[in-house]
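The numbers here are math on the coordinates, done by the rules we state, and not lab data. Note that the structure is a prediction, hence the values are computed from the model and not measured. Note that we place each Cβ from the backbone using ideal geometry, even for glycine, and neighbour counts take in every protein chain shown.
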């Protein structure tokens with residue numbers, strides 16, 4: 001089994017004030033069955049952390065607990081030092097405005113066009129009402145994700161890859177400090193998967209946001225990760241860079257790389 | 001044991017509905033109303049239901065007239081027919097039939113739409129962005145249903161009266177103005193006010209139930225189907241309960 005090393009250059013060993021996102025002793029279960037067990041997680045500013053795990057290992061529950069869509073049974077989640085569990089709904093909304101989240105199915109508002117999907121968030125999340133400013137933000141973010149030609153289309157007219165791009169554009173339009181990606185390449189062909197992975201990497205480089213990617217796609221992990229945590233039965237069983245984990249002697253870890 | 005479990009599930013659902021209603025009410029009071037969205041939703045709901053309400057109400061008015069005529073004729077009270085039909089329609093049959101049609105048409109539409117938003121994580125997408133989904137999903141649909149159902153009931157009442165006139169004409173011709181005079185001469189304010197008041201509650205309830213069932217949807221397509229079914233069944237059952245409450249309240253206030 002590969003365990004976290006003692007390397008102090010590692011982002012996970014940084015001082016507390018550099019942590020953008022932190023989970024401490026996170027425990028969550030359903031009907032007496034534990035899904036997360038004493039989970040420790042730390043994501044620093046400008047870092048991309050990949051959570052790798054098989055189906056049913058607790059990846060999605062972890063992600064939902066990190067953004068407050070599910071409450072931990074025990075432990076805490078801190079976003080830029082603010083505890084999600086002790087925040088009231090108003091404070092929680094303020095914390096969440098710092099987040100960008102790309103859902104597995106992109107979660108595009110089906111009744112709104114590409115433009116309206118973005119305008120909805122600009123109006124409601126950023127409280128910007130000036131038409132010129134809204135237009136400029138929409139065009140900028142669509143150019144960033146290479147979707148400017150689809151501005152007038154409805155979600156039903158978009159391909160899987162375009163929907164992911166729109167989901168990413170919608171998450172980025174609020175200029176988040178922290179990006180979370182839930183299985184960003186699931187359901188896409190290998191070429192489009194790689195395009196999305198590169199887009200995640202480029203977004204991180206260009207904007208310097210902290211990113212957490214939950215995936216079981218090894219190419220995506222290789223392209224995007226600064227550091228990887230492998231999840232097994234709701235707990236981190238290994239941690240390291242892609243190269244370190246690739247050379248692991250643990251059979252379960254090796255299985256991901258074969 | 002299974003009875004207790006069923007009861008416990010229902011109580012849990014009722015508790016969840018009350019909590020949901022309070023949250024919607026708090027959002028309604030605390031946030032700026034998105035009137036454009038209210039109107040858009042109102043137009044969609046009304047436009048979707050108008051034809052069905054009009055046809056159903058027309059048939060009910062016609063059938064009621066045709067069926068009642070022989071009985072009244074036996075007692076030589078045929079002259080009371082327009083008045084009896086109008087009072088029945090405006091006080092009871094019109095609001096209830098229209099509300100039932102709306103519980104099916106509007107309730108299922110809202111339930112299915114919101115459930116599919118829930119299943120495709122669109123509601124979570126608002127939540128994690130710090131956008132209150134109650135403000136943009138629940139309140140507009142609830143208020144649109146509250147405003148649209150009374151209008152549909154009034155239009156349905158009008159269609160029923162027309163149906164009743166056609167039913168009268170089918171057996172014995174009657175002058176339209178005489179029919180209208182006879183139909184409305186015994187109607188009083190105390191007949192109209194509670195009838196309109198309960199339609200507002202019907203609308204509010206149908207909107208609330210539809211959005212609540214959608215929000216509580218389980219994952220997957222079967223979750224959407226269950227949520228849609230539940231919004232219709234609970235909606236119809238609730239319409240009868242609200243009607244029962246209003247009939248007793250009206251009798252208490254205005255006398256039976």
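Looking at this structure, is residue A:56 within 12 Å of another protein chain (Cβ to nearest Cβ), part of a loop (DSSP other than H, G, I, E, B) and closer than 26 Å to residue A:163 by Cβ?
No: the conditions fail for residue A:56.
Residue-wise test of (1) over 28 Å from residue A:112 (Cα atoms); (2) out of contact with any strand residue (DSSP E or B) (no Cβ under 9 Å at 6 or more places or on another chain); (3) part of a helix (DSSP H, G or I); (4) in contact (Cβ under 8 Å) with a residue 40 or more places away in the chain.
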{"residue": "A:170", "(1), (2), (3), (4)": "no, no, yes, yes"}
{"residue": "A:175", "(1), (2), (3), (4)": "no, no, no, no"}
{"residue": "A:205", "(1), (2), (3), (4)": "yes, yes, yes, no"}
{"residue": "A:213", "(1), (2), (3), (4)": "no, no, no, yes"}
{"residue": "A:223", "(1), (2), (3), (4)": "yes, yes, yes, no"}
{"residue": "A:237", "(1), (2), (3), (4)": "yes, no, no, yes"}
{"residue": "A:243", "(1), (2), (3), (4)": "yes, yes, yes, no"}
{"residue": "A:254", "(1), (2), (3), (4)": "yes, yes, yes, no"}
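Right, residue B:73: surrounded by 19 or more Cβ atoms within 10 Å (Cβ to Cβ) and assigned to a helix (DSSP H, G or I) or not?
In short, no.
Show me the helices (runs of 4 or more DSSP H) found entirely inside region B:113-196 where at least 3 residues are within 14 Å of another protein chain (Cβ to nearest Cβ).
B:122-128, B:139-171
Residues of region A:101-127 being in contact (Cβ under 8 Å) with a residue 40 or more places away in the chain and either under 15 Å from residue A:142 (Cβ atoms) or more than 8 Å from chain B (Cβ to nearest Cβ) (or both), which ones?
Hits for region A:101-127 are A:102, A:106, A:108, A:112, A:113, A:114, A:117, A:118, A:121, A:122, A:126.
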